[in-house]
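To keep things clear, I will list the structure first and then write my remarks on it.
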Amino acid sequence: MGPCGFDNSWLRRLRSVTCVLACAPWLAGCTQKAAPALEPVTLDDRRPEVVRIAVDDPLTARGIVEARRTAGEFLRAYRARGSTQRDFRFKMLAAEKGLVEQYWVTLESATDDAFTGIVANHPGDITGVKFGERVTVPAGEISDWMFVENGVLKGGYSVRLMRDRLQPEERPAFEREMGFRID
């Protein structure tokens, strides 16, 4: 069990994503110009648990824009949550020393304007964010959100992108390992 009694086992299986070349403000103005390939724009990192994706990776940016656009759905589901829903989380961006990293945060409370929770990933290169730290993020600044309802992922744009970048034959194993289905 992780912070707040949530099952974090699937989080340990996800790789943390570190976006490089701090351009977080650029993400808010992302436009969709062309249909990009599914291959991410990656940078090398010797740590096996870290995948570095450049901030100009168009599908990652598109997922962030979509998560922000649909954050109201996440808030409504959290407020009306029931026994068939679990693992309410959101992702935050943190910038430091020319890097931008994303972290999953276990949701504890929400208002119309902000989400508060506990950081559920260990930071890569950023020192200003700590695992287990309580954070509050304005709703318009989250980079993803997710919850599981009846065993099916809701939201989770970055998780969907990770799955979609796998070979088709690898996707069922990914979903089994995560502990939820992706429709």
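Annotations
- Computed lengthening from Arg76 to Thr111, 0.36 nm per intervening residue step minus Cα-Cα distance: 11.6 nm
- Computed E for Glu133/Arg176 - FRET, C-beta separation, R0 22 angstrom, nearest 0.05: 0.10
- When the Cα positions of Pro123, Tyr78, Leu107 are compared along the charge dipole of region 69-183, Tyr78 comes out farthest toward the positive end, with charges on each C-beta of Lys, Arg, Asp and Glu.
Each reported figure results from applying straightforward, stated rules to the coordinates on display, with no laboratory input. Because the structure is predicted, anything quoted here is derived from the model rather than measured. Counting neighbours? That spans all protein chains shown, and the Cβs are built from the backbone with ideal geometry, glycine included.
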